[in-house]
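**Q** Here you go, one structure.
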Amino acid sequence: MEIDRRAFGRALVAPLAVLPALASAQPAALKALVPKGWLIGVALNQNQSDGRDAVAVELVTRQFNAITPENLLKFQSVQPQPGAFTFDAQDRYVAFGRDRGMAVIGHTLVWHSQTPAWVWASSDGGLADRATMLERMRTHITTLVGRYKGRIRGWDVVNEALNDDGTLRDSPWRRGIGDDYIAKAFEFARQADPSAELYYNDYNLATRPEKRAGAIRIVKDLQQRGLRVDAVGEQGHWRLESPTPAAIDQTITELRATGLKVMITELDVNLLPTAGPRGQPPAPETNPYVNGLPEDVQQALARYYADAFRVFLKHRDAITRVTFWGVSDGDSWLNRGRVNHPLLWDRQRQPKPAFASVANVLTTT
Ligand code: XIL
């Protein structure tokens, strides 16, 4: 029997011919779509950086080129007791990013939250004096930044130092050390790793012009002191109503005018109304999307993200990184006992219309 070579060839080709179709059904990778030089990042929880959440690991590996630890590098995770540094899970987080050629971000060195009380306490139970608190700050920064010298790309050195009106927050760091606690943190970080990028990070910079002005004052003070500071991070915990694209635009322009780069460091879009009292089950009207997101809200979210990314692209030379605060809706800190839908992937780890709209803006703008 003669083999019909052409038919045989067709039989081989036919199944292959469907492959491009399958490949295009696979979602595009954000990291392949962003402008050259941009980092597109995501915050990882410990299940993810430890590799237990395999589906998320696959998604993150495919989509992103930068990671931030959601909690692991905060003061209370690293040094819960004086001098008792823990680095096991932290080392795995850094290895996760390095193994994949990602930019590994450090978050965060000096913050009023998720910091153990001993850091600010004197032996009599009051507030520690300036010298003592500075020494604790120096030890923490030197040990942590020094350990990952050359491996962590950049650090959120000081987080959330401002009130919404732009004045300095009454943080225990400030009460113990004085206003220059911010400058000191940047000084110690620079000494610990001269080649690491150093950032000032805060929220509501796009929604509150007075707070933005406060961030700019902090940056200028650091610059006047001759200290290294590379970027301002606007966390980007946003809502559909605010900030508007015009406010985001204005924010990036003003922050960039300091000469620094601008990063959106913790992007998510909260779709829920303000929560009721803590510790009580949520009232149904404050938790409206338990059974999924209605199509109109889904589309509104997609439009909001598209508009935001259009503004980011307009400022493509000012922006160096955009990081989402969580992989999928189920991972988000914004759930807190309710059902929120703030990110690009849903609870089944499927891309939402917002993913497609961001990918589309990145492809077509
Ligand atoms: C949040 C984490 O996502 C939560 O898991 C944790 O319980 C509280 O902190 N601003 C920041 C982040 O700089 O570190 C916060 O992360 C969210 C607000």
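**Q** When you check I252 against the structure, is it open to solvent by less than 30 Å² (accessible area, probe 1.4 Å) and not in a helix (DSSP H, G or I), yes or no?
**A** no
**Q** Continuing with this model, one more query. Residue by residue through the stretch 287-304, note down the ones that are polar (S, T, N, Q) and either modelled with pLDDT under 95 or within 19 Å of V361 (Cα to Cα) (or both).
**A** Answer for the stretch 287-304, where residues must be polar (S, T, N, Q) and either modelled with pLDDT under 95 or within 19 Å of V361 (Cα to Cα) (or both): Q298, Q299.
**Q** May I pose another question? Of all residues in the stretch 35-86, which are farther than 20 Å from Y148 by Cα and either within 16 Å of the ligand (Cβ to nearest atom) or assigned to a helix (DSSP H, G or I) (or both)?
**A** Correct list: N47, D53, A54, V55, A56, V57, E58, L59, V60, T61, R62, Q63.
**Q** For T167, work out the one condition from (1) under 30 Å from A117 (Cβ atoms); (2) buried (at least 22 other Cβ atoms within 10 Å of the Cβ) it doesn't fulfil.
**A** (2)
**Q** Hey, can you tell me all the residues within the stretch 259-275 that are modelled with pLDDT of 95 or more, over 19 Å from R303 (Cβ atoms) and open to solvent by 20 Å² or more (accessible area, probe 1.4 Å)?
**A** Those that are modelled with pLDDT of 95 or more, over 19 Å from R303 (Cβ atoms) and open to solvent by 20 Å² or more (accessible area, probe 1.4 Å): G259, K261, P273.
**Q** In the stretch 336-362, which residue that is more than 16 Å from V297 (Cβ to Cβ) and of a type in the set (S, T, N, Q) is most open to solvent (accessible area, probe 1.4 Å)?
**A** Looking at residues that are more than 16 Å from V297 (Cβ to Cβ) and of a type in the set (S, T, N, Q), I get Q348.
**Q** Something else: Only one residue in D346, D329 is within 19 Å of the chain's Cα centre (by Cα), within 16 Å of the ligand (Cβ to nearest atom) and either without any contact (Cβ under 8 Å) to a residue 24 or more places away in the chain or more than 18 Å from Y203 (Cβ to Cβ) (or both). Which one?
**A** After ruling out the rest, the residue left standing is D329.
**Q** Which members of the stretch 316-326 meet the condition of being open to solvent by less than 10 Å² (accessible area, probe 1.4 Å), within 12 Å of the ligand (Cβ to nearest atom) and either assigned to a helix (DSSP H, G or I) or closer than 17 Å to D202 by Cβ (or both)?
**A** If the condition is that a residue be open to solvent by less than 10 Å² (accessible area, probe 1.4 Å), within 12 Å of the ligand (Cβ to nearest atom) and either assigned to a helix (DSSP H, G or I) or closer than 17 Å to D202 by Cβ (or both), then T323 is the only one that fits.
**Q** Report, by residue number, each residue of the stretch 267-291 that is touching a residue at least 40 places away in the same chain (Cβ under 8 Å) and over 22 Å from the mean Cα position of the chain (by Cα).
**A** Within the stretch 267-291, A275, P281, P282, T286, N287, Y289, V290 meet the criteria.
**Q** How do the helices (runs of 4 or more DSSP H) wholly within the stretch 145-244 filter down when requiring 2 or more residues that are within 16 Å of the ligand (Cβ to nearest atom): which remain?
**A** 181-192, 209-224
**Q** Looking at (1) crowded, with 17+ Cβ neighbours inside 10 Å; (2) touching an Asp or Glu at 6+ places or on another chain (Cβ under 6 Å), which is the only condition F75 fails?
**A** Failed condition: (2).
**Q** Checking A300 against (1) closer than 22 Å to P353 by Cβ; (2) open to solvent by 60 Å² or more (accessible area, probe 1.4 Å); (3) part of a helix (DSSP H, G or I); (4) in contact (Cβ under 8 Å) with a residue 40 or more places away in the chain, which test does it fail?
**A** (2)
The values are calculated or read from the model by the stated rules, or taken from the named source; none is laboratory data. Quick caveat: nothing in here was measured; it's all calculated off a predicted structure. Virtual Cβ from ideal backbone geometry, glycine too; neighbours counted across all protein chains shown. For the accessible areas, the whole protein counts, side chains as well, though only heavy atoms, and no ligand, DNA or RNA atoms are used. Shrake-Rupley method; radii C 1.70, N 1.55, O 1.52, S 1.80 Å.
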